Amino acid sequence: MIPVTTQMALLRLAAAFVLAPLLFGVINRTQALFAGRKGPPLLQMYFDIAKLMRKGTVISRTTTWVFRLGPIVGLSCVATGCLLVPFAGLPAPISFPGDFVVLVALLALMRFFTVSAALDTGSSFEGMGASREVQFSALAEPALLVSFAVLARQTSALSLSEMFGQVSVIFWQQAAPSFILVLAALFIVFLAENARIPFDDPNTHLELTMVHEVMVLDHGGPDLGFILYGSALKMWILGALIVNIVIPIHEISVWPDIFLFIVGMLLLAVAVGVVESVMARLRLLHVPQLLVGAVGLAILALMLMLGA
Amino acid sequence: MMTFFLSSVSLLMATGLAALFSRKGSLIAVAGCILAAILGLIPVLASLFTSAAFTLRIGWNVPFGAFSLEIDPLSAFFLLPVFLLSPLAALYGQAYLQNQGGHAKSWFFWNSLVASMAVLVAARNAVLFLVAWEIMSLCSFFLVVCEHRHAESRRAGWIYLVSTHLGTAFIVALFLLLGNSAHSFDFNEFIRSGIVSSPAATLLFFLSVVGFGTKAGFVPFHVWLPEAHPAAPSHVSALMSGVMIKMGIYGLVRTLTFFNAYPFSWAAVLIAVGALSGILGVLFAIAQHDVKRLLAYHSVENIGIITLGLGTGLLGTSLQLPFVAVIGFAGGLLHVLNHAVFKSLLFLGAGAVALRAGPRDMDRLGGLLKRMPRTGIAFFIGAAAIAGVPPLNGFVSELLIFYAGFDGIVAGSVPVVAATVAAVAALGLIGGLAVACFTKVFGIVFLGEPRSREAEQAHEADALMTVPMLVLASLCGIIALASPLILRVFKGILPGLTHLSAAECSFRLDRAAHTLEGFLAAAAAVIVMATALVWARRRLLSGRSQTVVVTWDCGYVKPSASMQYTSSSFAQPLVDLFGSILRTHKHLEAPAGHFPSIGSMRTHTADIFRRLLFDPLFAAVQHALIMGHFLQHGRIHLYVLYIALTLLILLAVKLQ
């Protein structure tokens, strides 16, 4: 583990834990702007989580401990993920060679529990969502890993902190085409893993078409609060991977770094909002094609890099 | 030290014989198996921790043979699963078979199987190795056909017997060629004769991949696995899938130590075979409805992961990337131990389900976690471990292989990058699909509502069956926790494979141990946070309403268990996506008319390699052999004439 100035690390970590739900507010506001609506308040997700934490629960009599453990393990996984991903230039609190593989595996653990909890209800809606989730993620995983392979090759580094610590303007000048391809691949994975359009529509209430939302139909109260907060953190982690590459300026000084990074995250949320406003959800049959496309983009990026 | 080993083997044989003749034989045999395992573990652990090799040579009157045994760290590492799992599976099997009506005599074959595997791994002479190999194959055949009253068991046994002997033929050829060039059948002579990479060496490598790959279950030689495992009793499947197929991996690894250098192409072959076995194994597993058949395909997948690790290690050795070599081999070998633990756990769990709930078809099970809580939690841990999610042991070995792969991507030249990216992407896809497959198994079998009356009336298995499962489940966690320490045992094993000194190996292993420590820190963070959240949830909910109702069903009035998602429906998107490979047959009887009453759908996924490769091949062979039919009349005096003619010809040849 790389020793870091503890205060700054804690500050950046706190920013992640505090600001993550804001991304959903920004996405919804952007969509509202496009649709000419006023939209929910920017802080709506905070209100939702706060309210859910004050409620009791209604659970199905079919369920077991797996159902109750699902949201808890899911949230713990992404919260640990926050410890692995560097934010705004400083190394992450837990950093070691191969840590990105552990990050991918933590997302898999989260999925394992979320899907098991969904199947625990015995509801066919949730079975449907679970079945789609495992299919899409199985294809997103290689895309993410090959993208990391490109970054590792370019930076000769095997930990996230070193990798993103070295992404600089010079690197962009050397290998701009492959970076752009990797960013495209990562953005596709980001949208798929966070259950956004074109993969999934978080706002629809027709269970037959949903993926992620339908898996958590039976959760309520604090459990649902954990799930919402967990999905916010997951979006923050995967978003940070993208923003860390796009904004390669580090160590100007601490505050501008953090400021730039947060602006980057918010702009990413705006981009998601724009995508959601101008696109429709893909037919489920076409989703795998897009994900295989993301693997293809990442492999192409690697080939460009090797050729250069 | 070898005294312990010899007494362990003789104890196994003696108590096995007792099972044939005594009425209390099965108890004696199981007790013997447990005692023998404890005796056997002494030299194994001693060799692993001190990197020492213990040897023993006894005279043996077999041409070219020598009763030459040695326990070096590599042998000890493969003996570890033999002695660790056989007593646990035997305890379970004792209770399991009592419920099935005895089969006391099968314990003779069980103990002989364990003894033959022990001798096989320690053998240092090709003839002794082949004798042990053959005893192992035959004993496991008799165990597969344990329930020989079912036609299905007999058919499965037949397929197994044929394929294992086809594999053995390649191994015999391998050892004949090796012995011919070394003028001895001693393994040490094979090493000393220094086979360098050449076309002849590549032929040897090819023979060992096919021969040992048939036992291990490389695609396309895996066809016997999905037949034999469902037919065998569960504790036998556990031992065969957990331990016996690893003998194929051992054979391959041992053969690799005979060579001085490896060409790049061998590594590429192993990575390709590993990726193919891994991906096809898990895809076919997803499409299955029978739990044990599904687990059998998962053995193919995990053998693929092991081979990916070995291939990466070979790649590192052939192109002088020491880190890739050391960590690749270490990851592949560690996965041997890990797979042995969680796969036998899962087979034992599947057996308990079959015994207590009845149907093997997943679509008729469900809700078993409430009815069989201990089996359920053990199975859950096994499923998470085999799916490769942290913090369990399955992930640790995959992390090492990933690490080696990524190091190759960073440090290697273009061909290395191509090979390692292929390995990494394949491993990623396998991991994602394995999560899909095992959430399906656990979710459909243990969660939700029971889908049949048998499942509804299921109850927990005997303590003799659940305790071995719980021990194995805790091993899944313990191996992960101790993984930085376990890595140290590889410094005695890897020099023979990577051609590096022990110091060079242990330097790289320390770097990998650093990564494993980082992983353990992350895993600890997850566990601490989850514990805190469990506590927080309890605090938040204390004193609030916690209503328990039916699952939300869109306001439907009469929900029934048959409305749940089934394993077929859960797997359908993936099965359709890879439909061109899987060739799943659908039998759909659609509801018709204005008042539809009946409708059904069945899917069936046959093995394409069996259907498109082996069935036509064997049909052709049979066709060719029928031409020799005119020699067979069933008249004894003609057969005597054949024998006399053969002897005359042999005499003539000898006299020349």
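Annotation: amide H-H contacts under 5 Å for A:D201 (H modelled 1.01 Å from N, sequence separation of 5 or more, or interchain): A:V211. Here the range B:608-655 is described by how far its Cα atoms reach on the three principal axes: 50, 28, 13 Å, from widest to narrowest. Dipole of the protein assembly as shown computed with +1 at Lys/Arg Cβ and -1 at Asp/Glu Cβ about the Cα centre; of B:V445, B:M529, A:A88, farthest Cα towards the positive end is B:V445.
If you sort the three axes of the alpha carbon gyration tensor as a ≥ b ≥ c, you get a/c of 1.5 or more for the range A:1-155 and a/b no higher than b/c, which makes it oblate. Ranking of B:T498, B:T3 by neighbouring Cβ atoms within 10 Å, starting from the fewest: B:T3, B:T498. Divide the volume of the convex hull around the Cα atoms of the range A:14-91 by the residue count and you get 139 Å³ per residue. The C-alpha atoms of chain A define a longest principal axis, and helix A:99-120 lies at about 10 degrees to it. Relative to the dominant Cα principal axis of chain B, helix B:73-100 is inclined by about 60°. Filter the GluC sites (Glu not before Pro) in the range A:165-269 down to the DSSP loop ones having no more than 15 other Cβ atoms within 10 Å, then list what survives. Those satisfying the criteria are A:E251.
For the range B:72-160, the list of trypsin sites (Lys or Arg not before Pro) that fall in a loop by DSSP and count at most 11 other C-beta atoms within 10 angstrom reads B:R149.
Over 25 Å apart: what share of the alpha carbon pairs of the range B:245-396 falls there, rounded to a whole percent? Mind showing how you got there, number by number?
On the way: 4117 of 11476 pairs.
The calculated P(r) of the range B:245-396 puts 36 percent of pairs beyond 25 Å.
Directionally averaged projected area (chain B, Cα convex hull): 36.2 nm². In summary, the aspartates and glutamates within cross-link reach of B:K343, defined as a Cα separation below 16 angstrom excluding same-chain residues under 8 places away, comprise B:D290, B:E301, B:E398.
Which whole number in µm²/s is D for the range A:140-212 by Stokes-Einstein, with the Kirkwood Rh taken over Cα pairs at 20 °C and 1.002 mPa s? My calculation gives 155 µm²/s for D. Highest GNM mean-square fluctuation among A:Q31, A:Q173, A:Q135, for chain A modelled with Cα contacts below 10 Å: A:Q173. Angle of helix A:44-53 to the longest C-alpha principal axis of chain A, folded into 0 to 90 degrees and rounded to 10: 50°. Cross-linked pairs B:K292/B:K370; B:K215/B:K586; B:K558/B:K586: Cα-Cα separations exceed 27 Å for B:K215/B:K586; B:K558/B:K586.
Can you give the Rg to Rh ratio of the range B:63-126, both from alpha-carbon atoms, with Rh computed by the Kirkwood formula?
Numbers: Rg = 14.9 Å, Rh = 13.4 Å.
Computed over Cα atoms, the ratio is 1.11.
Have a look at A:Q174, A:M163, A:G239 and report the one farthest towards the positive end of the charge dipole of the range A:6-307, computed about the Cα centre with Cβ charges (Lys/Arg +1, Asp/Glu -1). Of the candidates, A:G239 comes out farthest on the positive side.
A dipole drawn for chain B from +1 and -1 charges on Cβ atoms has a positive end, and of B:A592, B:H637, B:F170 the residue lying farthest that way is B:A592.
List the lysines whose Cα lies under 23 Å from the Cα of B:K105, skipping any in the same chain that are fewer than 8 positions away. Partners found: B:K24.
In plain terms, the bigger the Kirkwood radius, the slower the diffusion; for the range B:237-312, with that radius from Cα pairs, at 20 °C and 1.002 mPa s, Stokes-Einstein puts D at 163 µm²/s. Near A:S60, the amide H atoms lying under 5 Å from its own belong to B:V549; only residues 5 or more places off or on other chains count, and H is placed 1.01 Å from N.
In the neighborhood of B:S75, defined by Cβ-to-Cβ distances under 14 Å, what is the net charge if each Lys or Arg adds +1 and each Asp or Glu adds -1? Provide the component values of the computation, followed by the final result.
Details: positive: B:R124, B:K246, B:R254; negative: B:E70, B:D72.
Around B:S75, the surrounding residues sum to +1.
Normalised by the number of residues in chain B, the average gap of Cα pairs under 8 Å and 6 or more apart makes the relative contact order 12 percent.
Peptide A:156-167 is shielded by partner chain Cβ atoms: per residue, an average of 1 of them sit within 10 Å of its Cβ.
For the protein assembly as shown, what is the percent of antiparallel DSSP beta bridges, rounded to the nearest 5? Kindly include the intermediate steps, with their values, before the conclusion.
Values: 13 of 18 bridges.
Beta bridges within the protein assembly as shown, antiparallel portion: roughly 70 percent.
Once you divide the Cα radius of gyration of the range A:6-307 by 2.2 N^0.38 Å, the number left is 0.98.
If we count trypsin sites (Lys or Arg not before Pro) as exposed when they sit in a DSSP loop and have at most 14 other beta carbons within 10 Å, what is the longest stretch of chain A that avoids them all? Result for the longest clean stretch: A:62-282.
Under unit Cβ charges (Lys, Arg +1; Asp, Glu -1), what dipole magnitude, rounded to 20 debye, does the protein assembly as shown have relative to its Cα centre?
On the way: 56 positive and 44 negative charges, 284 e Å.
Its charge dipole is roughly 1360 debye.
The trypsin sites (Lys or Arg not before Pro) of the range B:603-648 meeting both criteria, a DSSP state outside H, G, I, E and B (loop) and at most 10 other C-beta atoms within 10 angstrom of the site's C-beta, are B:R635. Distances over 55 Å make up what percent of all Cα-Cα pairs in the protein assembly as shown? Of all Cα-Cα pairs in the protein assembly as shown, 15 percent lie more than 55 Å apart.
Here, each number is a calculation from the coordinates, and none is a lab measurement. Worth saying up front: this structure is predicted, and the values here are computed from it rather than measured. Don't worry about glycine lacking a Cβ; one is built from the backbone with ideal geometry, like all the others, and counts go over all protein chains shown.
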